[in-house]
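Data first, discussion second: the structure below is written as C-alpha cells.
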Amino acid sequence: MITTFSFRSTRVLMALTVGILGLSACAWRPTAPQGTGDLGVVIERASGKVAVINTTHQAILGEVAGLGDLSHASVVFSRDERYAYVFGRDGGLSKVNLLTRQLEARIMQAGNSIGGAMSQDGRYVAAQNYTPGGVKVFDANTLALVADIPAEYAPGKRSRVVGLVDAPTAGQGQRFVFSLFDADAIWVADVPGAGRPPVVHKIEHIGHEPYDGLITPDGHYYIAGLFGEDGLALVDLWAPQLQARKILSGYGRGQEPLPVYKMPHLRGWSVAGRYAYLPAIGHHEVLVVDTETWQEAARIPVRGQPVFVIARPDGKQVWVNFAVPDYSRVQVIDTTTREVVRTLEPGEAVLHMEFTPRADQVWISSRDANRVTVIDPASFDTLQTLTVPAPSGIFLTHRASKTGF
C-alpha cells in the first residue's frame with residue numbers, strides 16, 4: 001500500500017508541476033504598454049476564434065471570438081500592425097484590435113470568401129470572393145465599401161477570384177492584382193477612391209484554371225499557378241503594356257500527375273538569392289526557378305505533395321509541408337546543396353508555418369494535434385509547445401511591411 005500511495009503521489013505531483021510550468025509558459029501577460037512588432041494571430045479553425053500570440057515570450061495572450069466560419073481563413077494587418085483583418089470562409093470580414101484583443105468591427109461582405117489584401121498606403125482592405133465572384137474594397141478604418149469589382153467574364157457568368165495581392169501604385173490609385181479561376185484571366189485593378197470607379201485592366205487567355213497567385217517582393221512580377229495545366233502565368237507589372245506569358249510549361253511532361261488532395265499555396269513561395277522555390281502541383285517535387293530568366297534550374301524530390309514552400313528569412317533554408325497522407329511531416333531543404341537535411345513530425349495535420357522576421361523561430365500549426373510548436377530553425381530544437389484548438393493559419397504582424405502579404 002505504501003509503495004502504491006507513493007507512486008500515485010509522485011505521479012500527481014509531476015502532473016501538477018507540468019501543469020504549472022505549462023501555464024507559466026503560455027499565460028504570460030504584459031505589465032506595461034507594449035508595441036505590436038512581436039505579435040501575431042493563430043486561426044482556431046473550428047471555433048471561430050483567433051489566438052493572439054507574442055513571439056518574444058512564445059505565449060498566447062488571449063483569444064478573440066465571434067469571427068464566424070474560419071475553415072479557410074486568412075489575415076492581413078494594418079500599416080501600424082495594430083489591427084488584424086480576418087477573412088472568413090462565410091464571407092465575413094472582421095477587424096481585430098491586437099492590443100486590446102477585441103473585435104472592433106465585422107461585416108458580412110460576401111457568401112464565400114477565401115482571403116484578401118491590404119493596399120500599399122494602408123487605406124483600403126480588399127476581399128477576394130468565390131460567391132459572388134469578384135473583389136470588394138473597403139475603408140480600413142470603417143469597413144465602408146469603397147469599390148465593388150464583379151468578376152463577370154461573360155453575360156451572367158462570374159468567376160471565382162483567387163490570388164489577390166496588393167501591388168505598388170502606378171499613379172492611378174491603389175493597385176490590386178488577382179486571378180479568375182473560371183475565366184483563365186488575370187485582372188489588374190487601380191482603385192482611385194473618392195467615389196471614382198476602379199480602372200480594370202483585363203489580361204485574358206493566360207492559361208487554364210489559375211488557382212493562386214503571388215507577387216515578387218519588389219512588386220515587379222505577378223505569377224499565377226495553373227491547376228488545369230503544367231506551368232505558370234507571369235505578368236510584368238512594370239511593362240507599359242500588361243500581358244501574360246507562360247513559364248515552366250510542361251514541367252510534368254512524361255509523368256503521370258498524382259491526385260491532388262490539397263491545392264498548393266503559392267503565397268507561401270520562397271525566394272532565396274536569385275532562385276525561387278515553388279510547389280509542383282501533382283508531383284512530389286519542389287521546383288527551383290531562376291528569377292532572372294524564369295527558367296527551371298532544378299527539382300528537389302520531397303516526401304509528398306508540397307502545400308507551402310517557405311524560406312527562412314535569410315534564405316539558407318526552405319521548409320515544406322504536405323498534403324495527405326504525408327501531412328504530419330515537415331521537410332527542411334538546405335538551399336546551398338538543394339537537399340533535404342531534416343524531416344520533422346511536429347504533430348498530426350500540419351497546416352501552416354510562419355517564421356519570425358529574424359529567423360530565430362518558426363511557428364508550426366498541427367490541427368489534429370491541437371498544437372502549435374515553436375522550433376529553432378538552426379538547431380531544430382523545440383522551444384515551446386502551445387495548446388490551441390484546431391489551429392490552422394499563423395500570421396505575424398511583420399507581414400504589414402511586405403508587398404503581397
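Normalised by the number of residues in region 109-250, the mean separation of alpha-carbon contacts (under 8 Å, six or more apart) gives a relative contact order of 14 percent.
Would you mind checking the tilt of helix 2-26 against the longest principal axis of the Cα atoms of the chain, expressed as 0 to 90 degrees and rounded to 10? Tilt of helix 2-26: around 30 degrees.
Between rounded, prolate and oblate, where does region 112-216 land on the alpha carbon gyration tensor, with a ≥ b ≥ c its root eigenvalues, rounded for a/c under 1.5, else prolate if a/b exceeds b/c? Here region 112-216 falls in the prolate category.
Pairs with C-alpha atoms separated by more than 20 Å, drawn from the list Lys246/Lys316; Lys49/Lys402; Lys95/Lys202; Lys95/Lys136; Lys202/Lys402, are Lys246/Lys316; Lys49/Lys402; Lys95/Lys202; Lys202/Lys402. Bridging of Lys157 to aspartates and glutamates at a Cα separation below 15 Å is possible for Asp182, Asp184, once same-chain residues fewer than 8 apart are set aside. Placing unit charges on the Cβ atoms only, positive for Lys and Arg and negative for Asp and Glu, gives region 277-359 a dipole magnitude near 160 debye about its Cα centre. Annotation note: chymotrypsin sites (Phe, Trp or Tyr not before Pro) in region 318-402 located in DSSP loop regions with a Cβ neighbour count of at most 16 within 10 Å are Phe380. Largest mean-square fluctuation among Ser366, Ser119, Ser71, in a Gaussian network model of the chain whose springs join Cα atoms under 10 Å apart, belongs to Ser71. The calculated FRET efficiency for the pair Arg101 and Arg342, based on their C-beta separation and a Förster distance of 45 Å, comes to about 0.80.
Contact order, relative form, for the chain: 10 percent (alpha carbon pairs under 8 Å, 6 or more residues apart, mean separation divided by residue count).
The mean sequence separation of alpha-carbon pairs under 8 Å and at least six residues apart, normalised by the residue count of region 361-405, gives a relative contact order of 34 percent. Taking each residue as 0.36 nm, the span from Asp148 to Asp368 lengthens on full extension beyond its C-alpha to C-alpha distance by 75.4 nm. Under the simplified labelling scheme, the Trp238-His205 pair shows an inter-label distance of 2.8 nm, with each label point 7 Å from Cα along Cα→Cβ.
A short reminder: the numbers here are calculations on the coordinates, not readings from a lab. This structure is a prediction, so every number in the text was calculated from the model and none was measured. Cβ atoms come from the backbone with ideal geometry, glycine included; neighbour counts cover every protein chain shown.
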